[in-house]
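The block underneath contains the structure these notes are about, expressed in structure tokens.
The values are calculated or read from the model by the stated rules, or taken from the named source; none is laboratory data. Predicted model only: the values in this text are computed from it and were never measured. Cβ sites come from the backbone with ideal geometry, for glycine too, and all protein chains shown count toward neighbours. Only protein heavy atoms, including side chains, enter the accessible area calculation; ligands, DNA and RNA are left aside. Shrake-Rupley method; radii C 1.70, N 1.55, O 1.52, S 1.80 Å.
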Amino acid sequence: STHGAASGRVVMAATGTWAMSSPSARIGVPRVRARHPRRSVSRMMGRMNDIAIEEQSSHPEEDPADFGVERGVPFTRKNSFYRVESAQARDLAILLAAVMSDEAVAASSSTFRDAERISGGISVLDAMSGCGVRAQRYLLQGEVSSVHANDANPNVMASLDDNLSGAHMRGATGVSCVTNLDAHRLLGRCYLDDTRFDVVDVDSFGAENLVAATMRCVKRGGYAYLTSTDALALCGKSPGTLSANYGGAYVSPNTQGVNEHGLRVFVGDAVRIGAAMGLKVTPVFSLFHPHGPVFRTMCRVDALVGDWEYKSVGHVGRCRTCGDARVIDPRELGGAFCHRCDAVDARGDGTSGTETRRSCLEVSGPMWLGSLHETETVEKLRSKATEKRWIGEGASVEDTVKVKGQMTLEALLNSFAAEADPRLPPYHHRTDELGRGGRG
């Protein structure tokens, strides 16, 4: 069976055949059909393994747990991985896409009819779609012109197809297509075909580094939404993995603000890789979520003009004795000590009295030393969220429901705005640690 042109749906064959979202791609293409026996795939740390073949009846009973609603968008998640805690990260991506769509409309010379929206609007590549709720929301709430939804798991194709078809039935005007490919292969094919997108969303697992492959598929001035769930590496508990996957980085484990250090290492790695490719990569918002845990950053990708901001990538050290922190000068890396404790000893205020002992710093890096958020972009996101009534007066009930370990969307955006101040240092002090130091 096929979808007609009016639906805007194109579903590509699971292997060997694929195409991009475009007006010409709206011609009917054979739909992906699930084969029996159906395979259920559990994914751990970014790799698909532990395949268990399960015989399923031709008419299984519907399980209410297979269905959900996110920001008012109903979806199915049969045989798919779905995490409600990640809804807030999807909110942020959808808000940015909606802002971009508005700017595309404002820049157009006409009323931006549907045909023009398809050819000249915002394009999105969702490289690891899962059940497809994110791709569905890009179409409905981000009002983008095209979404290419992909997942390597063949068992999610039915849910992915159903959810995108649901988006078109609910009025989405953009084109969509579905592919069943490994993300590395998909990104490689896009690069070889010189196909680029305004937003490339890679919701990857573990420490799998897809930064370079992602950057090659982003239009200049577009955005890459990058993810890592390997907290053991980024928080310094797995130094070998951290060094291998993030440019030889090191993070001192169990230090104050280690989650921020891990996030900054993640962002700094993307900036450095981009610079090596002749790209200027700028984080417009970044966040750490304790579920998973998950590190995310949305980066704008521009052509690099002149030298890259190498001074914005460096090291941070924290004193083991007093807890003070500072940015480390590259010339100090051979032996970094705490200036504060050294000053105390020089005044003779130390407690030893006879022997001067320099306090070593716990050094982490290289990491991004600049702001994790861009003020202009954050303000646009807050304005769009208010317009959609996701925050502020009359906000939806969904934003008042607390998810363990998370702020509300409104509180998070307010925090982004406060943290975007370029005068802030690339580290923070915990108040309980400050109190403990005062009592000491």
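At-a-glance table
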read-out	value
Close pairs from the stretch 223-238: first touching a residue at least 12 places away in the same chain (Cβ under 8 Å), partner β-branched (Val, Ile, Thr) and open to solvent by 30 Å² or more (accessible area, probe 1.4 Å), Cβ under 7 Å, at least 6 apart	Asp230/Thr241; Ala233/Thr241
Strands (runs of 3 or more DSSP E) contained entirely in the stretch 165-241, each with at least 2 residues that are of a type in the set (Ser, Thr, Tyr)	175-179, 218-228
Answer from Val267, Val327 - the residue that is touching a residue at least 24 places away in the same chain (Cβ under 8 Å), open to solvent by 30 Å² or more (accessible area, probe 1.4 Å), within 15 Å of Met367 (Cβ to Cβ) and out of contact with any helix residue (DSSP H, G or I) (no Cβ under 9 Å at 6 or more places or on another chain)	Val327
The stretch 301-314: number of residues that are more than 12 Å from Leu226 (Cβ to Cβ) and assigned to a strand (DSSP E or B)	4
Members of the stretch 59-110 that are open to solvent by less than 40 Å² (accessible area, probe 1.4 Å) and of a type in the set (Val, Ile, Thr)	Val73, Thr76, Ile94, Val99
Test: residue in the stretch 151-160 that is touching a residue at least 24 places away in the same chain (Cβ under 8 Å), within 27 Å of His291 (Cβ to Cβ), touching a helix residue (DSSP H, G or I) at 6+ places or on another chain (Cβ under 6 Å) and not in a helix (DSSP H, G or I)	no
Scope the stretch 411-437; condition at pLDDT 80 or above and hydrophobic (A, V, I, L, M, F, W, C); matching residues	Ala411, Leu412, Leu413, Phe416, Ala417, Ala418, Ala420, Leu424
Scope the stretch 216-225; condition out of contact with any Leu (no Cβ under 6 Å at 6 or more places or on another chain) and open to solvent by less than 10 Å² (accessible area, probe 1.4 Å); matching residues	Val218, Gly222, Ala224, Tyr225
Of residues in the stretch 266-296 being out of contact with any Lys or Arg (no Cβ under 9 Å at 6 or more places or on another chain) and assigned to a helix (DSSP H, G or I), the one farthest from Trp368 (Cα to Cα)	Ala276
Residues of the stretch 188-202 satisfying the condition of being within 23 Å of Ser80 (Cβ to Cβ) and either surrounded by fewer than 24 Cβ atoms within 10 Å (Cβ to Cβ) or without any contact (Cβ under 8 Å) to a residue 40 or more places away in the chain (or both)	Val202
Filter result for Tyr250 (in contact (Cβ under 8 Å) with a residue 12 or more places away in the chain, in contact with a Leu (Cβ under 9 Å, 6 or more places away or on another chain), of a type outside the set (A, V, I, L, M, F, W, C) and open to solvent by 50 Å² or more (accessible area, probe 1.4 Å))	yes
Hey, Val316 touching a Leu at 6+ places or on another chain (Cβ under 8 Å) and either modelled with pLDDT of 95 or more or under 23 Å from Ala418 (Cα atoms) (or both) or not	yes
Filter result for the condition that a residue is modelled with pLDDT of 90 or more, open to solvent by 30 Å² or more (accessible area, probe 1.4 Å) and either among the basic types (Lys, Arg) or over 24 Å from Val327 (Cα atoms) (or both), over Thr354, Thr408	Thr408
Count of residues meeting criterion [among the hydroxyl-bearing types (Ser, Thr, Tyr), under 30 Å from Asn254 (Cα atoms) and not in a loop (DSSP other than H, G, I, E, B)] in the stretch 376-431	2
Test for Leu164: is it farther than 25 Å from Arg220 by Cβ, open to solvent by 10 Å² or more (accessible area, probe 1.4 Å) and more than 17 Å from the chain's Cα centre (by Cα)	no
Subset of the stretch 129-140 (residues that are surrounded by fewer than 24 Cβ atoms within 10 Å (Cβ to Cβ) and at pLDDT 95 or above)	Leu140
